[in-house]
Amino acid sequence: MRMIICTGNAGKLREIRTRLPEGFEAITLVDAGLPADLPEDGDTLEANALQKARYAFERTELPCLADDSGLEVRALGGRPGPLSARYAGEPRDDEANMALLLRELTGAADRAARFRTVLAWVTPAEARLFEGTVEGSIALTRRGSSGFGYDPLFVPTGEARTFAEMQLHEKQAVSHRARAMNHWLAYLLGR
Ligand code: IMP
């Protein structure tokens, strides 16, 4: 099946691509002649994922999979949530986002956090959403150099290492995105 992975984020693209089963030919937005950064004006991960997948589907008629993810920090009342990418303002800047997060959590006893991914799957036949979450906490300092985004600060529950200190297959065993992919694959493959 030929499909589009609707993200311009190289980290997301890699994590989604490595989980695709045989027989799936996934192209990128740029391969499809679309902008790498699609509009996302919604207030929720669900609205943003659907907006991105619909945008690409309406222009290509190919099945489209879009990912919108957010970091929900308990001591911050669930922020930055859907605003995670631009937490520290424009332009998007992972380093500035992590610096702001550490600043906001200075002295906080509760560092619990959750990553959530919503995948939108839009085809000629349907539009469906799949969700995955991982519970964890925010480290006191950045650690590790793999992954992307907030990975140097996120420690999944039951682990001592941040996502950025893990190998890709270790992150994939527990991550929000991999869990959302599991639901999507189970639906698609009828398992
Ligand atoms: P968006 O889904 O592209 O809007 O991304 C939301 C924000 O969360 C961006 O700052 C991403 O870098 C970050 N993000 C999304 N997924 C992950 C992840 O798996 N690990 C770390 N950061 C992530």
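The values are calculated or read from the model by the stated rules, or taken from the named source; none is laboratory data. On a predicted model such as this, the values are computed, not experimentally measured, just so you know. Cβ sites come from the backbone with ideal geometry, for glycine too, and all protein chains shown count toward neighbours.
Residue by residue through the stretch 13-55, note down the ones that are of a type in the set (Ser, Thr, Tyr) and buried (at least 16 other Cβ atoms within 10 Å of the Cβ).
Selection gives Thr28, Tyr55.
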List the strands (runs of 3 or more DSSP E) inside the stretch 57-158, counting only whole elements, that have at least 1 residues being closer than 30 Å to Gly23 by Cα and within 12 Å of the ligand (Cβ to nearest atom). 64-73, 112-122, 127-138
Of all the residues that make up the stretch 84-99, how many are under 15 Å from Ala113 (Cα atoms) and hydrophobic (A, V, I, L, M, F, W, C)? 1
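Results for (1) under 16 Å from the mean Cα position of the chain (by Cα); (2) on the phi > 0 side of the Ramachandran plot; (3) of a type in the set (Lys, Arg), shown as yes or no for each residue.
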site: Leu13; (1), (2), (3): yes, no, no
site: Arg19; (1), (2), (3): yes, no, yes
site: Val30; (1), (2), (3): no, no, no
site: Gly33; (1), (2), (3): no, yes, no
site: Ala53; (1), (2), (3): yes, no, no
Scan the stretch 159-182 for residues that are in a loop (DSSP other than H, G, I, E, B) and touching a residue at least 12 places away in the same chain (Cβ under 8 Å) and jot them down. Glu159, Arg161, Thr162, Met166, Gln167, Ser175
Sole exception among (1) surrounded by 14 or more Cβ atoms within 10 Å (Cβ to Cβ); (2) at pLDDT below 95 for Leu153, by number: (2)
Could you go through the stretch 12-20 and let me know if any residue there is under 21 Å from Ala125 (Cα atoms), out of contact with any Phe, Trp or Tyr (no Cβ under 6 Å at 6 or more places or on another chain) and not hydroxyl-bearing (Ser, Thr, Tyr). yes
Does Gly42 satisfy being within 13 Å of the chain's Cα centre (by Cα) and within 12 Å of the ligand (Cβ to nearest atom)? no
With (1) farther than 18 Å from Ser137 by Cα; (2) assigned to a strand (DSSP E or B); (3) within 16 Å of the ligand (Cβ to nearest atom) as the list, and Met3 as the residue in question, which single condition is left unmet? (3)
Quick one: count up the residues across the stretch 160-171 that are within 19 Å of Arg74 (Cα to Cα) and away from the ligand (no atom under 11 Å from the Cβ). 0
